[in-house]
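Here the structure comes first, spelled out in structure tokens, and everything after it is commentary.
Since every read-out is calculated from the coordinates, none of them should be taken as a lab result. Quantities reported herein were computed from a predicted structural model and do not represent experimental measurements. A quick note on method: Cβ atoms are made from the backbone with ideal geometry, for glycine too, and the neighbour counts reach across all protein chains shown.
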Amino acid sequence: MKIIANNYEAKDIFRIIREWTETTQKDFAKTINRSTRTVQDYEAGITKYSMNMLLDIAQKYNLKITIEK
């Protein structure tokens, strides 16, 4: 699967990645060492996540992050 991240808000990208992993918020939170509440806040756009976190998640789930010009 592939998305063009420019077409989404950061909160939506986080949710899409979690959905691609086919995990619940609770299970995803355990995998990335965060609380379920924090994952909910990322997906709601209440809390921001870092690029480093995104890269760590990509590595754990064998996802590819591509930036093109």
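Couple of notes before you dig in:
- Note on the chain: Lys pairs 8 or more places apart or on different chains, Cα atoms under 19 Å apart, count 12.
- Förster radius 22 Å - calculated FRET efficiency between L55 and K30 (Cβ-Cβ, nearest 0.05): 0.70
- For the chain, the dipole from Cβ point charges (+1 on Lys and Arg, -1 on Asp and Glu) about the Cα centre works out to 140 debye, to the nearest 20.
- Simple label model, 7 Å out from Cα along Cβ direction - N7 to I65, nm: 2.1 nm
- Based on the reciprocal of the average 1/r between different C-alpha atoms, the Kirkwood radius for the chain equals 12.3 Å.
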